[in-house]
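The values are calculated or read from the model by the stated rules, or taken from the named source; none is laboratory data. Since we're looking at a predicted model, the values are computed, not measured. In this analysis, Cβ positions are derived from the backbone assuming ideal geometry, glycine residues included, and neighbour counts consider all displayed protein chains. In case anyone asks, the SASA skips ligands and DNA or RNA and just uses the protein heavy atoms, side chains included. Shrake-Rupley method; radii C 1.70, N 1.55, O 1.52, S 1.80 Å.
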Amino acid sequence: MSDLKIKVTDLKKSYGENHVLKGIDLNIGANEVVVIIGPSGSGKSTLLRCLNRLEEPTSGQIIVDNVDIGDPKADINRVRQDIGMVFQHFNLFNNLSVADNITLAPMELKGFNKAGAEAQAKKLLASVGLEDKFDAKVQSLSGGQKQRVAIARALAMKPDIMLFDEPTSALDPEMVGDVLEVMKDLAKEGMTMVVVTHEMGFAKEVADRVIFVDQGKILERGTPEEVFEHPKNERLQDFLNKVL
Ligand code: ADP
Ligand code: MG
């Protein structure tokens, strides 16, 4: 494995008596694509949200780019800027234009001037196949287009890690392919990616490693070939029988 980007050690997260993450150990190297699979409610979103501190862990350690993000002295805003996140439901500003959605944060937080931010936005929109939507209102877009704008918006902050939480689960089936293509391109360019998805075809094709999470623990991990073709854990076998 190349440089370590993320190192998670014995991560636990509880909501009251609900012990959601029960000791997660996970290393992610630079340029790696890691796909997380597992049943609904197993803690996949909670794990992703701990990685950029949208959630505070109950215990354990998370190191991102050699920074312990639980350290009160860590510059958490800086860490968040380096980690892009794409959600199932886009989380765009619906009443703003596509351009505003992509340019506001880089102008606010990265010192871009308007012209620079707009030039970057146009490039990013072209890279997700939406160069003609620069002036469009977000609410006029389809779900698949919204999700590609959300990816462009995340990339505008020049992250070196991208987290995807079921980015295609809310899309009509005919929209899924375009979004997965954009994600494949990113992977090819060497982006470090952690992707929660039920798209097993994507996982097989793009993932360097696949991780199966069930009831707050990693029950199996390996190459796509190992996890999909030779699953050892019985709960993983059951899960694959349901989703494949
Ligand atoms: P998954 O993404 O695998 O479906 P989640 O991480 O969303 O699982 O949820 C795991 C468990 O944590 C569920 O029981 C869920 O109800 C609980 N949970 C998630 N977020 C919160 C929260 N903010 N407050 C309380 N419970 C939560
Ligand atoms: Mg989830």
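If you count only protein heavy atoms with a 1.4 Å probe, what accessible area per residue comes out for region 26-143, rounded to a whole Å²?
On the way: 5640 Å² over 118 residues.
Using a 1.4 Å probe on heavy atoms only, each residue of region 26-143 averages 48 Å².
In percent, how large is the relative contact order of region 30-176, given Cα pairs closer than 8 Å and 6 or more residues apart?
Numbers: 170 pairs, mean separation 42.6, N = 147.
Here the relative contact order equals 29 percent.
Given Ser42, Ala30, Leu4, which one lies farthest toward the positive end of the charge dipole of region 1-133, if we put +1 on the Cβ of every Lys and Arg and -1 on the Cβ of every Asp and Glu?
So the residue we want is Ser42.
Rounded to the nearest percent, how much of the accessible area of the chain (1.4 Å probe, protein heavy atoms only) is carbon and sulfur? If you can, show how the numbers build up before the last one.
Values: 5220 of 11470 Å².
Ligands and nucleic acids excluded, carbon and sulfur give 45 percent.
Quick one: putting +1 on the C-beta of Lys and Arg, -1 on the C-beta of Asp and Glu, what dipole do you get for region 23-132 around its Cα centre, in Debye to the nearest 20?
Working: 10 positive and 14 negative charges, 30 e Å.
Rounded to the nearest 20 debye, it is 140 debye.
If DNA, RNA and ligands are ignored and the probe is 1.4 Å, what is the ranking of Phe112, Phe93, Phe239 by accessible area, most exposed first? Walk me through the numbers before you get to the answer.
Values: Phe112 50, Phe93 110, Phe239 20 Å².
Sorted descending by solvent-accessible area, the residues read Phe93, Phe112, Phe239.
With a point put 7 Å past each Cα toward its Cβ, work out how far Glu131 is from Lys188 in nm, to one decimal.
With each label point 7 Å from Cα toward Cβ, the separation is 1.7 nm.
How much length, in nm to one decimal, is gained on full extension between Lys12 and Thr58, taken as 0.36 nm per residue of separation minus their Cα-Cα distance?
Values: separation 46, 0.36 × 46 = 16.56 nm, distance 0.55 nm.
Full-extension gain reported as 16.0 nm.
Can you tell me the accessible area per residue over region 192-244, all protein chains present, probe 1.4 angstrom, in square angstrom? Display every interim value, and only then the final one.
Details: 2640 Å² over 53 residues.
Result: 50 Å² per residue.
Of Ser142, Leu92, Pro167, which is farthest towards the positive pole of region 86-214's charge dipole, taken about the Cα centre with +1 and -1 on the beta-carbons of Lys, Arg and Asp, Glu respectively?
Going by the Cα projections, it comes out as Leu92.
Counting only residues 5 or more places away or on other chains, whose amide H sits under 5 Å from the amide H of Gly60 once H atoms are built in the peptide plane?
Lys12
Note down the nm distance, to one decimal, between modelled labels 7 Å out along Cα→Cβ at Val243 and at Met107.
4.0
Return the loop-located trypsin sites (Lys or Arg not before Pro) in region 83-137 (DSSP other than H, G, I, E, B) with at most 16 other Cβ atoms within 10 Å of their own Cβ; answer none if there are none. Can you show the working numbers first?
On the way: sites: Lys110, Lys114, Lys122, Lys123, Lys133, Lys137; in loops: Lys110.
Listed in order of number, the matching sites are Lys110.
Would you work out which of Ala126, Gln81, Asn233 lies farthest towards the positive end of the dipole of the chain? Charges go on Cβ: Lys and Arg +1, Asp and Glu -1.
Gln81
How big is the charge dipole of region 108-171 about its Cα centre, in debye rounded to the nearest 20, if each Lys and Arg gets +1 on its Cβ and each Asp and Glu gets -1 on its Cβ? Write down the numbers at each step before the final one.
Details: 10 positive and 8 negative charges, 34 e Å.
Taking the Cα centre of region 108-171 as origin, the dipole is about 160 debye.
Quick one: ranking Asp68, Asp208, Asp3 by accessible area, 1.4 Å probe, largest first, what do you get? Kindly include the intermediate steps, with their values, before the conclusion.
Numbers: Asp68 50, Asp208 75, Asp3 110 Å².
Ranked from most to least accessible, the order is Asp3, Asp208, Asp68.
Full extension from Ala119 to Glu181: what is 0.36 nm times the residue separation minus their Cα-Cα distance, to one decimal in nm?
Details: separation 62, 0.36 × 62 = 22.32 nm, distance 2.29 nm.
Between Ala119 and Glu181, full extension yields 20.0 nm more.
How far, in degrees from 0 to 90, does helix 98-109 lean away from the longest principal axis of the Cα atoms of the chain, to the nearest 10?
Helix 98-109 sits roughly 80 degrees off the main axis of the chain.
Using a Gaussian network for the chain with springs between C-alpha atoms less than 10 Å apart, which of these wobbles most: Leu92, Leu171, Leu54?
Of the options given, Leu54 has the highest mean-square fluctuation.
Longest span of the chain, sites excluded, free of GluC sites (Glu not before Pro) in DSSP loop with at most 12 other C-beta atoms within 10 Å?
Working: sites that count: Glu17, Glu189.
My reading of the result: 18-188 is the longest stretch.
Helix 114-127 versus the longest principal axis of the chain: what is the Cα-based angle in degrees, 0 to 90, to the nearest 10?
Orientation of helix 114-127: about 60 degrees from the principal axis.
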